[in-house]
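Readers should treat all values here as calculations from the given coordinates under stated rules, not as data from a laboratory. Please read these numbers as outputs of a predicted model, since none were measured by experiment. Positions of Cβ are generated from backbone atoms using ideal geometry, with glycine treated the same way; all protein chains shown enter the neighbour counts.
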Amino acid sequence: MDGAGMGEINSSYYKGKGARIYSDFKTYAHSGKLLAGANAKEFCEKFANSKETVLVAEFGVGNGKFACDFLVEVEKKDSALYAKTRYMLFDFSSKMLASARKTLGMRAEKCEFIAFDAAKEKLPKRFAGKINYARMNELLTDLPCEFYALQNKEVVEAEFGRHGEFSGFLGADAQETGLENAQGSGAGSGHGGSGGFADVAGGSGFENGGQEGGFLDAGVAGNAGDRNIIAGEFLSRIGENYIIPFNFVACEFVCELGGALAQGGIIDIFDYGFSNAADVQGVPAQMWNMNIVREFGGQLTTDLNVPLLCAFAKSHGLKVEVQGQKQYVENTLGKKVSIGETRYEKSAKGIGESDMFFHVRILA
């Protein structure tokens, strides 16, 4: 299975299951109102004095709880702004859109439900330059993704089976050195990622062995036509035998969305992944590779390559900020919070306070 195959599997999964996906996994945002409270607080502060309609766009809407919690909090904080807010929900699953409409109840009257596939379609032109605030929760890691590793100083593409098992490399010089036991024992991971990633604030700088510096500059990322160049630049900072996800489809979608923002517009991305070289190199290659593609009830997920996303965004003239989701909530609400304050603690087996869930903010 290649990256396109992963997209097809997930497309079938979400279209078939609809809101029943939450019997397979829970998300940090879905399990409590901490993110909703932080989002709403910032939203109200940013757009309180707007004299026109404020357009919010959410992509990958799930059962609509992410949208509903946000709108409830906005109405509590600023009823006048709530009245001016128009909420667009984009999803390729008709079952998800129907479930979201049901969850939103009477609030659905201020919403528009739009069939849209972020992996394949361009944003409708009517939204160009109109979106004030875009938000998404655990969407990018489910889009088609490519996987590369460095073998004998050559970039090779990794393939995985239907259930996320490593099946081999493509490339004349590809070997299984260091990966032959990829299905061996290792630490389990929840829906959120490969365990224990550190919080990082910053842009596209990719730390390597404690040395800060840009691992992939905007100029290289802008050359999206040659993905081997991008992968080679990235992998040279990681080393051999690590299989790394390259979420090119996700990066391109976010950059297109960035171009559709109104002046002063914001994109908030909540997802799981890795943010620096230490996140990767701190895990033995065998264990890292075993967990880089994971199955949940028929869905396949991987990690968000945060530095790659940041570099792509910067190559399109966008500004980027990154921090852990827990850190974001604490900074915004001005108080310490615990995963124990949400139902997430009971649903995410093996995941403690370590925050491998990131908040990536894109600014026009």
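For the reader, a short list of remarks on this structure follows.
- Under the Debye formula (equal points on every Cα, no solvent term), log10 I(q)/I(0) of segment 58-99 at q = 0.15, 0.17, 0.23, 0.33 Å⁻¹: -0.39, -0.48, -0.75, -1.08
- Dipole magnitude for segment 56-169: about 760 debye, using +1 per Lys or Arg Cβ and -1 per Asp or Glu Cβ, origin at the Cα centre.
- Histogrammed with a bin width of 5 Å, the alpha carbon distances of segment 25-171 distribute as 2, 8, 16, 18, 16, 12, 8, 6, 6, 4, 2, 1, 0 percent, first bin at zero.
- For segment 53-65, Karplus couplings with θ = phi - 60° (6.51, -1.76, 1.60), whole Hz, Gly/Pro x: 4, 9, 9, 10, 10, 10, 10, x, 8, x, 8, x, 5
- Sites matching GluC sites (Glu not before Pro) across segment 50-124 that sit in DSSP coil, with at most 10 neighbouring C-beta atoms within 10 Å: GLU52
- Positive contributions from Lys and Arg (+1) and negative ones from Asp and Glu (-1), summed over other residues with Cβ under 10 Å from the Cβ of VAL306, come out at -3.
- Distant-in-sequence amide contacts of LEU300, defined by a placed amide H-H separation under 5 Å and a gap of 5 or more residues or a different chain, comprise ASN10.
- For GLY265, the amide hydrogen comes within under 5 Å of the amide hydrogens of ALA364, counting only partners 5 or more places away or on other chains and with H modelled in the peptide plane.
- Amide hydrogen proximity for VAL54: with H placed 1.01 Å from N in the peptide plane, the residues at 5 or more positions away or on another chain lying under 5 Å are THR85, ARG86.
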